[in-house]
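The values are calculated or read from the model by the stated rules, or taken from the named source; none is laboratory data. None of these values were measured; they are calculated from a predicted model. Glycine also receives a Cβ, built like all others from the backbone with ideal geometry; neighbour counts cover every protein chain displayed.
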Amino acid sequence: MTILGEGSFRYEVRHGFGNLPDGIGWTEVAGVGVDSADRVYAFARGPHRIVVMDREGNFLDTWGEGIFTNAHGIHIGPDDSVWLTDSGDHSVRRFSRDGKLLMTIGVPGETPGHMSGKPFCRCTHTALSPRGDVYVSDGYGNACVHKYDPAGRHLKSWGKPGILPGEFNLPHNIWCDADGWVYVADRENHRIQVFDGEGRFETMWHGIHRPTALAMLPNAPCPCCVVSEGGPDMPINRDTPNLGPRLSVVGLDGKVIARLGTEMAGHEPGRFIAPHGVGVDSAGAIYVAEVAHIAWPSLMPGPRPDRVASLHKLEPLAVRAG
């Protein structure tokens with residue numbers, strides 16, 4: 001048994017999650033989401049784009065083949081609709097849980113251009129507010145967040161390139177809590193920025209290395225979230241310990257409560273290569289999606305195996321409601 005974490009936040013690792021039938025699989029998993037019935041949705045890169053499983057990893061369904069250019073972010077709405085952000089064709093699509101297309105935001109394949117501040121240029125993730133407003137982080141070719149109403153009408157945008165409060169250096173993921181606060185994983189600034197629902201800057205969290213995704217943790221002893229962190233990928237610091245890749249539990253005051261994995265990159269149980277997305281089920285189990293295939297050359301020495309595990313489950317051992 002492999003255990004990660006400390007104190008009240010300890011987890012048993014289920015490495016390589018998913019019991020898939022022959023012919024169903026992925027190259028790697030960009031994002032993972034969990035619906036109200038604890039069905040797990042892997043937004044995959046490879047032949048099968050959405051793979052649906054139960055919380056034990058048993059295969060349920062697959063859909064979405066032939067639609068997406070580059071799978072990047074997934075968010076499950078309160079009605080179990082599935083919001084998928086495609087960084088390759090600059091669009092956000094909303095589906096029913098069985099794969100029926102309900103809405104598209106943006107024009108697939110079209111962009112206003114690099115750092116225009118207008119939607120979208122290689123958008124990264126989507127989140128919903130409690131009232132149904134839609135927030136999209138626009139990160140690889142932009143440095144901003146866009147807000148839409150529930151019908152998909154653009155309301156406002158905020159942010160520009162930079163390192164000051166309210167500025168971004170690759171906004172890679174976004175989350176909205178039950179009170180309407182908006183959390184942005186400002187990846188290459190090594191921080192999470194917190195805004196109100198209108199984009200007014202409130203605070204920022206440090207002590208996080210290249211945050212790639214975040215999700216609130218239910219049933220925890222205190223209000224907190226789990227953050228996935230990318231490790232160093234330059235040759236000069238690739239072998240430096242305690243920088244990640246890993247997960248961190250962070251309180252809503254911005255203080256790091258626990259680290260889940262602090263070693264260097266690896267593909268053994270309990271270690272990560274490139275955590276890229278996180279999802280949490282009703283029992284507090286954490287699902288970790290990794291872009292382990294594409295990240296291998298910059299993070300790992302030696303040849304890449306034919307198959308690298310890209311989805312994991314961390315089952316809580318000690319998290320209890322306070």
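The table below gives the values:
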| read-out | value |
| --- | --- |
| In the stretch 135-149, the residues that are assigned to a strand (DSSP E or B) and over 19 Å from V278 (Cα atoms) | C144, V145, H146, K147, Y148 |
| Members of the stretch 172-191 found to be in a loop (DSSP other than H, G, I, E, B) and closer than 14 Å to S228 by Cα, listed by number | H190 |
| Residues within the stretch 251-277 that are in contact (Cβ under 8 Å) with a residue 60 or more places away in the chain, touching a Pro at 6+ places or on another chain (Cβ under 8 Å) and closer than 14 Å to E6 by Cβ, tallied | 1 |
| Pair list, Cβ < 7 Å and 6+ apart or interchain, from the stretch 278-289 residues that are over 15 Å from G16 (Cβ atoms) and touching a residue at least 60 places away in the same chain (Cβ under 8 Å) to residues that are of a type in the set (G, A, S) and assigned to a strand (DSSP E or B) | V278/A213; V278/A215; V278/S228; G279/G33; G279/A215; V280/A215 |
| Residue list for the stretch 155-171, filter: more than 18 Å from H72 (Cβ to Cβ), among the hydrophobic types (A, V, I, L, M, F, W, C) and either in contact with a helix residue (DSSP H, G or I) (Cβ under 7 Å, 6 or more places away or on another chain) or in a loop (DSSP other than H, G, I, E, B) (or both) | I163, L164 |
| Members of the stretch 214-253 that are charged (D, E, K, R), within 19 Å of G270 (Cα to Cα) and either out of contact with any Ser or Thr (no Cβ under 7 Å at 6 or more places or on another chain) or at pLDDT below 90 (or both) | R238, D239 |
| Strands (runs of 3 or more DSSP E) contained entirely in the stretch 1-107, each with at least 3 residues that are surrounded by 18 or more Cβ atoms within 10 Å (Cβ to Cβ) and aliphatic (A, V, I, L, M) | 28-34, 40-45, 50-53, 71-76 |
| The stretch 217-232 residues that are surrounded by fewer than 22 Cβ atoms within 10 Å (Cβ to Cβ), paired with ones that are modelled with pLDDT of 90 or more and basic (K, R) (beta carbon under 9 Å, 6 or more apart) | P232/R210 |
| Tally, over the stretch 309-318, of residues that are of a type in the set (A, V, I, L, M, F, W, C) and under 19 Å from the mean Cα position of the chain (by Cα) | 3 |
| Positions within the stretch 156-176 being surrounded by fewer than 24 Cβ atoms within 10 Å (Cβ to Cβ) and more than 15 Å from the chain's Cα centre (by Cα), in sequence order | K156, S157, W158, K160, P161, G162, I163, L164, P165, G166, E167, N169 |
